[in-house]
Amino acid sequence: RPPFSYSSLIAQAILESKEERMALRDIYNWITEKYPALYNAQDTGWQARNFLLHNLSLNKCFRKIPKSENETVGRGKGGYWTIDPNHMAKFKNGSFARGS
């Protein structure tokens, strides 16, 4: 288990992206690549994605941004997730560890 909460893992992924926004599948892929021990190799990923979506939806640190019509062509209907500007400071300073 990493020394980070799921919200911190999500924030790390988003902050590493060029536009500081990511689709759910990209957040999931980032976490599974960076922390492969978090997920069972036999896992299809849907439970983990649901858990991430649950964290994204309930945590006020994150906001969903709808995709434009151009972005949805051939790439699914979902939106992007970003960090709410009111909460950005807590992640920008690099304090991702649990209890920090």
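Close contacts from region 45-64, counting a first residue that is in contact (Cβ under 8 Å) with a residue 24 or more places away in the chain and crowded, with 16+ Cβ neighbours inside 10 Å and a second that is outside any helix (DSSP H, G or I) and among the acidic types (Asp, Glu), with Cβ to Cβ under 8 Å and a gap of 6+ residues or different chains, come to CYS61/ASP84; PHE62/ASP84.
Restricting region 84-100 to residues that are in a helix (DSSP H, G or I) and exposed (fewer than 15 other Cβ atoms within 10 Å of the Cβ) leaves a set whose member that is modelled with the lowest pLDDT is LYS92.
Among the conditions (1) under 14 Å from SER7 (Cα atoms); (2) part of a helix (DSSP H, G or I); (3) in contact with a helix residue (DSSP H, G or I) (Cβ under 9 Å, 6 or more places away or on another chain); (4) modelled with pLDDT of 85 or more, THR32 misses just one, which is (1).
Taken over region 71-83, the residue count meeting the criterion of being modelled with pLDDT of 65 or more and more than 20 Å from TYR6 (Cα to Cα) is 2.
The values are calculated or read from the model by the stated rules, or taken from the named source; none is laboratory data. Predicted model, so just to flag it, every value in this text is computed and none were measured. Neighbour counts run over all protein chains shown; Cβ positions are idealised from the backbone, glycine included.
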